[in-house]
Amino acid sequence: MFNLFLSKNVRKILKRKDSDAGEKGKALEDLRSSLFNELRSSEGARRYQQRICGPFVALTFNFLVSVGIILMNKLVLGRVGFNYPILLTFIHYVVSWFLMAILKALSMLPAPPAKASRFSSLFALGVVMSLSTGLANVSLKYNSVGFYQMAKIAVTPSIVVAEFILLRKLVSFQKVVALTIVSVGVAVATVTDVQFHLFGACIALAWIVPSAVNKIMWSNMQQRENWTALALMWKTTPITVFFLVAMMPWLDPPGVLSFNWNLSNTSAIFMSALLGFLLQWSGALALGATSAITHVVLGQFKTCVILIGGYLLFGSNPGITSICGAITALMGMSIYTYLNLHNSDDHSNKTAAKQASFSSPKSKLSRENGETHVGNAGPESV
């Protein structure tokens, strides 16, 4: 009798465990299917990207990856001796495309918008991506870091002018002052490392406009046309790869076949390519969550942090002039960040006021159930 009672209790416990396991499995399956359905539509994928990766997360992600790829590319171009910047960029984009192909095969790549962009817009973005990234690496090869940073300063006014011409977008006077402080501070911080090279200077000047247009298009297409970062990367990467192949004979030196492709060198190049994919993705996320100018300011913030961090942590001595310039630039960035937050608060308050004004006539209608009063209240709410 006791054994029968014990066996019944054991059966109940096992049945309860099976039902709990079934409920957990069902919940996991529901979560997986909801995520899959969300990624299948461009609007759902866009909302998911905004929910998971807001401005702070996107900018932090891009900042950390940028520092990592700088160190890795210094290793590849310096110690490894891989002196082919366009080919290195080409490898980055091929690896990125391969990783996105795996995501697409697993149905994890977000869908493009229902109302897809014109092919001319995607083609133009692919072209300026190849010019922006390829010419940036060539400029790093021929110019000093200081001259490269000086060229990056010119990207900020280029973006302001280009956004005004293309999008009729104005920047407030306070933000112009803050951006001027940032640019002057970065110029002072990097002026001690400026070395002039005629060909490198021409490349740097040719890089400024594609870099500005690239950032504007990435930000605009994500925010206005509901593209997600990965979906837009998937569409434009083949175009970028094609134009990088066309640029290789003109900007890369000969002798790539004689390079020592041993395991150590190949691993370093492959790690650089993985970081290149993360840099492209994080940069696209940051541009989609913020703006082109904010992304440029983030790059200048990275320069100042590396310079001041080296001085404080590792005892490097860039000079008092460079330190003062970096501190001035950080002050300008703080002002710019404050102005952005203040404007976003004003915008949210205006949106809330509009919603309240539109909802008040509806509440009056429900209370009084009369059309005449609504007609009088309508113009006041607009």
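What to note about this one:
- For segment 114-141, taking the residues that are part of a loop (DSSP other than H, G, I, E, B) and touching a residue at least 40 places away in the same chain (Cβ under 8 Å), the one that is farthest from Ile203 (Cα to Cα) is identified as Ala114.
- Of all residues making up segment 269-284, the number that are aliphatic (A, V, I, L, M) and open to solvent by 10 Å² or more (accessible area, probe 1.4 Å): 5
Rundown of residues vs (1) modelled with pLDDT under 90; (2) exposed (fewer than 15 other Cβ atoms within 10 Å of the Cβ); (3) not assigned by the TED database to the domain that holds Asn62, yes/no style:
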| site | (1), (2), (3) |
| --- | --- |
| Ser183 | yes, no, no |
| Asp193 | yes, no, no |
| Leu198 | yes, yes, no |
| Ser211 | no, no, no |
| Trp218 | no, no, no |
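- Residues that are modelled with pLDDT under 90, open to solvent by less than 70 Å² (accessible area, probe 1.4 Å) and over 16 Å from Leu131 (Cβ atoms), drawn from segment 234-258: Pro253, Gly255, Val256
- When Ala45, Ala27 are checked against the criterion of being surrounded by 13 or more Cβ atoms within 10 Å (Cβ to Cβ) and either acidic (Asp, Glu) or at pLDDT 55 or above (or both), a single residue qualifies: Ala45.
Each row is one residue, and each column tells you yes or no for (1) assigned by the TED database to the domain that holds Val213; (2) at pLDDT below 80.
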residue	(1), (2)
Ser272	yes, no
Leu275	yes, no
Gly310	yes, yes
Cys324	yes, no
Phe358	no, yes
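The values are calculated or read from the model by the stated rules, or taken from the named source; none is laboratory data. As the structure is a prediction and not an experimental result, all values here were calculated from the model. Virtual Cβ from ideal backbone geometry, glycine too; neighbours counted across all protein chains shown. Just so you know, the surface numbers come from the protein's heavy atoms only, side chains and all, with ligands and any DNA or RNA stripped out. Shrake-Rupley method; radii C 1.70, N 1.55, O 1.52, S 1.80 Å.
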